[in-house]
Amino acid sequence: MLRLLATGSHGLLGSNILPILERYYTVIPLDIEEWDITDRDAGDRTIRECKPDIILNLAAYTNVDGCEDCLSLADRVNAEAAGIVADLCAHHNIKLVHISTDYVFDGEKDSPYTEQDVPNPASVYGLSKLSGERKVLDACPSAIVVRTQWLYGHGGVNFISKITQIAREKGVVEVVDDQRGSPTYTKDLAEPIRALIEENAAGIYHVANSGSCTWFEFAREIFDRLKIEAQLNPIASVHLNRKAKRPRYSVFDCSKLTRDTGFRMRPWPEALQDYLG
Ligand SMILES: NC(=O)c1ccc[n+]([C@@H]2O[C@H](COP(=O)([O-])OP(=O)(O)OC[C@H]3O[C@@H](n4cnc5c(N)ncnc54)[C@H](OP(=O)(O)O)[C@@H]3O)[C@@H](O)[C@H]2O)c1
């Protein structure tokens, strides 16, 4: 079996997809305690010891509002360190899969974003992730950059656990109705990532569950399915007073993934049903 080393493996995405990828690869899960990706020498040592065929770079500074106050940390982890990982992969002849985000787009489009659309991030997080993508592909053109969005999954706090908790505690939940995207079940990224590796793909790919909704519509669907009777009110994003600007519209066109691998992402309501069990 090929050896797949994952960075940032304790995070939301890692803890959900690595158990699936273990069916196909010998997975070496590492997080910041074992390899801080900002440390090139540690990376070089780790690679020499672990001898991976593939590196899945899940490590990132993902606090979107926190990034607005910590520009240098965002840049160091999401951009510089992504470049370090890519450099090491190129040097050691390792296939790299790097994860990026819909926040590289400003959200001003009204039809699904393709990989050809020109990014224009509206937040520090988005800027740092875009810079990371560019450094990755400059250093290692054979890398696969998977852009995804609106992740939810098991473990930790996520949108679903947050709104269901507020519903239980307060009986009223306010959710923004002016941001449209595609909620994506973390586990649904495992197979397309494998398919891209198997096809020896390279470059940027959009990968998200199909269909779209606003966060309010997503919440409505969750409450209906869980038979939660709390009041759900739509609000505008401005009322949340968040530091970072989010894209108003960030639906992905994932047809490149289907064209190059044959893999088709399932609709978000089907994935949600699977998650809710
Ligand atoms: N969540 C989403 O909705 C979403 C959407 C689009 C794209 N993405 C992308 O998907 C990837 C995974 O995201 P996620 O949601 O799983 O994030 P996450 O839960 O925050 O996980 C990231 C992991 O990286 C670790 N980390 C941070 N700095 C590191 C460093 N210098 N070296 C090594 N590890 C480090 C974190 O450790 P600590 O927790 O100790 O900091 C954490 O375990 C990221 O690239 C993210 O940008 C996420």
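Considering every residue within region 236-249, establish whether at least one is of a type in the set (S, T, N, Q), in a loop (DSSP other than H, G, I, E, B), on the phi > 0 side of the Ramachandran plot and free of Cβ contacts under 8 Å to residues at least 24 places away in the same chain.
Residues of region 236-249 that are of a type in the set (S, T, N, Q), as a first pass: 237, 241.
Checking which are in a loop (DSSP other than H, G, I, E, B) leaves us with 241.
Okay, now just the ones that are also on the phi > 0 side of the Ramachandran plot, so 241.
Imposing the further condition that a residue be free of Cβ contacts under 8 Å to residues at least 24 places away in the same chain reduces the set to 241.
Looking for residues that are of a type in the set (S, T, N, Q), in a loop (DSSP other than H, G, I, E, B), on the phi > 0 side of the Ramachandran plot and free of Cβ contacts under 8 Å to residues at least 24 places away in the same chain, one finds at least one in region 236-249, hence yes.
Return yes or no: is ALA122 touching a Lys or Arg at 6+ places or on another chain (Cβ under 6 Å), more than 24 Å from ASN200 (Cβ to Cβ) and hydrophobic (A, V, I, L, M, F, W, C)?
Values: touching a Lys or Arg at 6+ places or on another chain (Cβ under 6 Å): yes; more than 24 Å from ASN200 (Cβ to Cβ): yes; hydrophobic (A, V, I, L, M, F, W, C): yes.
Spelling it out, ALA122 is indeed touching a Lys or Arg at 6+ places or on another chain (Cβ under 6 Å), more than 24 Å from ASN200 (Cβ to Cβ) and hydrophobic (A, V, I, L, M, F, W, C).
When region 48-57 is examined, which residues are found to be within 13 Å of LEU88 (Cα to Cα) and either exposed (fewer than 15 other Cβ atoms within 10 Å of the Cβ) or within 14 Å of the ligand (Cβ to nearest atom) (or both)?
ARG48, LYS51, ILE55, LEU56, ASN57
What's the number of the condition VAL175 fails, among (1) assigned to a helix (DSSP H, G or I); (2) at pLDDT 95 or above; (3) more than 15 Å from the ligand (Cβ to nearest atom)?
That leaves (1) as the condition not met.
For every residue, the table says whether it meets (1) among the hydroxyl-bearing types (Ser, Thr, Tyr); (2) assigned to a strand (DSSP E or B); (3) touching a strand residue (DSSP E or B) at 6+ places or on another chain (Cβ under 8 Å); (4) more than 8 Å from the ligand (Cβ to nearest atom).
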{"position": "LEU4", "(1), (2), (3), (4)": "no, yes, yes, yes"}
{"position": "GLY14", "(1), (2), (3), (4)": "no, no, yes, no"}
{"position": "ILE17", "(1), (2), (3), (4)": "no, no, no, yes"}
{"position": "ARG23", "(1), (2), (3), (4)": "no, no, no, yes"}
{"position": "ILE32", "(1), (2), (3), (4)": "no, no, no, no"}
{"position": "ILE37", "(1), (2), (3), (4)": "no, no, yes, no"}
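Can you tell me which residue in region 86-123 is surrounded by the fewest Cβ atoms within 10 Å (Cβ to Cβ), limited to those that are in contact with a Leu (Cβ under 7 Å, 6 or more places away or on another chain) and part of a helix (DSSP H, G or I)? Quick ask: steps written out before the conclusion?
Kept after step one, since they are in contact with a Leu (Cβ under 7 Å, 6 or more places away or on another chain), are these residues of region 86-123: 86, 89, 97, 99, 104, 119, 121.
Retained after the next criterion (residues that are part of a helix (DSSP H, G or I)): 86, 89, 104.
On the way: ALA86: 27, CYS89: 25, VAL104: 27.
Residue satisfying both the conditions and the ranking: CYS89.
Kindly check whether there is at least one residue in region 233-242 that is crowded, with 18+ Cβ neighbours inside 10 Å and modelled with pLDDT of 95 or more. Working first, answer last.
First pass over region 233-242, keeping only residues crowded, with 18+ Cβ neighbours inside 10 Å: none.
No; the residues of region 233-242 include none that is crowded, with 18+ Cβ neighbours inside 10 Å and modelled with pLDDT of 95 or more.
Tell me whether region 82-102 contains one or more residues that are out of contact with any strand residue (DSSP E or B) (no Cβ under 9 Å at 6 or more places or on another chain) and closer than 27 Å to TYR275 by Cα.
Checked against the condition, which is being out of contact with any strand residue (DSSP E or B) (no Cβ under 9 Å at 6 or more places or on another chain) and closer than 27 Å to TYR275 by Cα, region 82-102 yields no hits at all.
Does THR148 fit the bill of being more than 13 Å from the ligand (Cβ to nearest atom), within 21 Å of THR258 (Cα to Cα) and either of a type in the set (Gly, Ala, Ser) or at pLDDT 95 or above (or both)? Break it down stepwise before answering.
Values: more than 13 Å from the ligand (Cβ to nearest atom): no; within 21 Å of THR258 (Cα to Cα): yes; either of a type in the set (Gly, Ala, Ser) or at pLDDT 95 or above (or both): yes.
No.
Given ALA60, ALA74, which one is among the hydrophobic types (A, V, I, L, M, F, W, C), near the ligand (Cβ under 8 Å from one of its atoms) and within 17 Å of VAL136 (Cβ to Cβ)? Lay out the reasoning, then the answer.
Numbers: ALA74 fails: near the ligand (Cβ under 8 Å from one of its atoms).
Of the residues listed, the single one that is among the hydrophobic types (A, V, I, L, M, F, W, C), near the ligand (Cβ under 8 Å from one of its atoms) and within 17 Å of VAL136 (Cβ to Cβ) is ALA60.
The values are calculated or read from the model by the stated rules, or taken from the named source; none is laboratory data. Everything numeric here is computed off the predicted structure, so don't read it as measured data. Cβ atoms come from the backbone with ideal geometry, glycine included; neighbour counts cover every protein chain shown.
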